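One structure is given below, encoded as C-alpha cells.
The values are calculated or read from the model by the stated rules, or taken from the named source; none is laboratory data. Note that the structure is a prediction, hence the values are computed from the model and not measured. A quick note on method: Cβ atoms are made from the backbone with ideal geometry, for glycine too, and the neighbour counts reach across all protein chains shown. What goes into the accessible areas is simple: the full protein's heavy atoms, side chains included, and nothing from ligands, DNA or RNA. Shrake-Rupley method; radii C 1.70, N 1.55, O 1.52, S 1.80 Å.
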Amino acid sequence: MGTMAHEPAPCTIKSPVMLQVGDMRSELGRPGVAVIDVILPHSQTIDLQEIVFKNYYTAFLSLRVLRQNTTDGGDESPSKWVTCLRNYCLMPHPHTEEGSQDYFSVSRHQMLCDMDRVAAIRLILRQPSPVWLHFTIEELQLFPGNQKSPQKGFPAWLSCPSQERPASLHDGLPDADKVSSEVQQMWVLTEMLQASQPAARIGRFDVDGCYDLNLLSYT
C-alpha cells in the first residue's frame, strides 16, 4: 500500500512587521512583537488541518485567521478575522534557550475556532525577553484537509500551562488583538497610498499617531 504524499498548501508568506516596545531613542526600546501575514492564492480557501514551523526565539504565538463565512442559503457573507490561538507557549522560559529553535506542530483541535474556509492567516509573535533582539518563525507550512505533516523531531512539550507562565512576561507588551487590528488597518491604508501614488516615495505615515513605517514603532 502506497504512502500518502504530504503536500503543504501553496501560500505567500510576507516579511515580518516588527513593532517596537518603548522609546527606540533610549536603551529601553526593543522589539517586542512581530506580525507575519500568510496569504493564499487569489480567491482560494483551505480547510486547515495543521500548521508546522521551526521556531527562532519566539516566546509566544497568537494566530488570527480570515474566514469566508456562508449563510444558511449557501451564499458567502463578508469575511471576518477571528482569533484561533492565543499566547501559545513556544519557550517556557523566554530568557533561556529551551524551545528557541524547535519544530512545532499546531493542529486544528488546538484552535479556538473553526478552521474551515480559511483565506489568510496572521501570526503575532511575542518575545518579552530583552536578551533576544531578533525573533521569528521559519519553514512555515500549512497542511489542509486530512493531511498530516512528516515528523521533524518535535519537542516533548509543545506548550506550557498558563498557570506556569510568570505573569510579568507579558508586562509592557501590547494586546495581540489590538496589534492585529491596527496592523491590518495600516496595511490597507498603505496599499491604498501605493495604488494612488505608485511613483511616490513613502516617508512618514501615521495611523492614529501610532505607527511610523520608517521605524515601525508601537507606542
Checked pairs for segment 102-116, first in contact (Cβ under 8 Å) with a residue 60 or more places away in the chain, second assigned to a helix (DSSP H, G or I), C-beta under 8 Å and 6 or more apart or across chains, list as Met115/Arg108
Where residues in segment 30-60 are in a loop (DSSP other than H, G, I, E, B) and surrounded by fewer than 16 Cβ atoms within 10 Å (Cβ to Cβ), which of them is modelled with the highest pLDDT? Asp47
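Let's see how each residue does on (1) among the aliphatic types (A, V, I, L, M); (2) open to solvent by less than 20 Å² (accessible area, probe 1.4 Å); (3) farther than 17 Å from Val17 by Cα:
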residue: Cys84; (1), (2), (3): no, yes, yes
residue: His109; (1), (2), (3): no, no, yes
residue: Val118; (1), (2), (3): yes, yes, yes
residue: Ile121; (1), (2), (3): yes, yes, no
residue: Val131; (1), (2), (3): yes, no, yes
residue: Glu138; (1), (2), (3): no, no, no
Check on Ser100, open to solvent by less than 60 Å² (accessible area, probe 1.4 Å), closer than 18 Å to Met115 by Cβ, at pLDDT 90 or above and not aliphatic (A, V, I, L, M): no
